[in-house]
Amino acid sequence: MMSQHPCFNKEAHRVYGRIHLPVAPECNISCGFCDRKFSCANESRPGVTASVLSPEEAVEKAVRQAALHPELKVIGIAGPGDPLANPEKTLGTLRLVREHLPDMLLCLSSNGLALPGLADDIADLGVTHMTVTVNAVSPAVGAHIYRHVRLDGKTLSGEDAAAAILARQEEGVRKLKARSVTVKINMVIVPGVNDAHAEDVARAVKSWGADLMNCMPLMPVAGTPLESCGSPSPESMAAIRTTAEAYLPQMRHCTRCRADACGLLGQPGILG
Ligand code: CLF
Ligand code: SF4
């Protein structure tokens, strides 16, 4: 199953592509690098607004693209908000994809907050690949990244918010691994905040059972609290990935897709 997924397998990305279905506009947390006018920066390229489609519209377009482009092998949902903060739309879309495109691999990304309660549904629907973004495994570090987390009708902030999301990320990843879902961990590297923390994250998520890690350089968005942190240099990203690689294989070919990307990684196609 690994072989045809362009993100999880470096060799596959020149040959096989993915379609992102932009059906998930809402989010259940607030990251310090996020401007909600744009797509979720935990998986996608910030600064690009993706249109939102209904599940029916999105699947109809995907069916058309898949018929035209046999190299498309994966259907992913990656925003523009958090897919699992929109459970009806996201799971409903996956059900439609299963019905109309039964041969596609299914892929999801999430911040992980809502994952524990949905992991079994995700596995039952046949999702084989999941990305969870873990930007910190210490609440003290996470408190500088997460502005707030909405959970069970309450809004948490500071270290409480960071501890709450961390606990759910761990529980969710362990549940996915118990169901044999392949799990990638994204980590947005924020200079001066979590750039010295990647080894801790790699060690922890490895112990949860994760398969692969994708360290992504922060792309600062104007007007957000973490704007002034700037982007890590290519040299520091290379060093971070080398350190993290002692624990988990590193993805180095991520192209920061839009939430409505369609085609091979790095090509400009969108689902239209
Ligand atoms: Fe999409 Fe993400 Fe699935 Fe890939 S993208 S939901 S794992 S099918 Fe891939 Fe794009 Fe990087 Fe994501 S290159 S942003 S890692
Ligand atoms: Fe924004 Fe994504 Fe963070 Fe939600 S999870 S606040 S959409 S960056």
Quick one: in the stretch 122-158, which of the residues that are charged (D, E, K, R) and touching a strand residue (DSSP E or B) at 6+ places or on another chain (Cβ under 9 Å) is farthest from residue 83 (Cα to Cα)? 147
Being out of contact with any helix residue (DSSP H, G or I) (no Cβ under 9 Å at 6 or more places or on another chain) and within 16 Å of residue 205 (Cβ to Cβ), is that true of even one residue in the stretch 124-143? yes
Taking the stretch 212-230 and keeping residues within 16 Å of ligand 1 (Cβ to nearest atom), without any contact (Cβ under 8 Å) to a residue 60 or more places away in the chain and either in contact with a His (Cβ under 9 Å, 6 or more places away or on another chain) or of a type outside the set (A, V, I, L, M, F, W, C) (or both) leaves 217
Residue 10 - would you say it is under 27 Å from residue 188 (Cβ atoms), surrounded by fewer than 21 Cβ atoms within 10 Å (Cβ to Cβ), charged (D, E, K, R) and more than 15 Å from the chain's Cα centre (by Cα)? yes
State whether one or more residues within the stretch 241-250 are farther than 20 Å from residue 80 by Cβ, within 16 Å of ligand 1 (Cβ to nearest atom) and in contact with a Pro (Cβ under 6 Å, 6 or more places away or on another chain). no
Looking at (1) closer than 24 Å to residue 229 by Cβ; (2) away from ligand 2 (no atom under 14 Å from the Cβ), which is the only condition residue 82 fails? (2)
Looking at the stretch 220-237 only, could you name the residues that are part of a loop (DSSP other than H, G, I, E, B) and either among the small types (Gly, Ala, Ser) or more than 12 Å from residue 31 (Cβ to Cβ) (or both)? 220, 222, 223, 230, 231, 232, 233
Flagged in the stretch 145-201 as of a type in the set (S, T, N, Q), outside any loop (DSSP other than H, G, I, E, B) and more than 16 Å from ligand 2 (Cβ to nearest atom), in numbering order, are 182
Under the condition of being under 18 Å from residue 226 (Cα atoms) and among the aliphatic types (A, V, I, L, M), which residue from the stretch 163-197 is surrounded by the most Cβ atoms within 10 Å (Cβ to Cβ)? 188
Can you tell me which residue is modelled with the lowest pLDDT among those in the stretch 38-92 that are hydroxyl-bearing (Ser, Thr, Tyr) and surrounded by fewer than 20 Cβ atoms within 10 Å (Cβ to Cβ)? 49
Any residue in the stretch 121-128 that is buried (at least 16 other Cβ atoms within 10 Å of the Cβ) and away from ligand 1 (no atom under 15 Å from the Cβ)? yes
Subset of the stretch 202-211 (residues that are in a helix (DSSP H, G or I) and in contact (Cβ under 8 Å) with a residue 24 or more places away in the chain): 202, 203, 204, 205, 206, 208
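The values are calculated or read from the model by the stated rules, or taken from the named source; none is laboratory data. Given the structure is predicted, the values throughout are model-derived calculations rather than measurements. Heads up, the Cβs are rebuilt from the backbone with ideal geometry, glycines too, and the neighbour counts pull from every protein chain shown.
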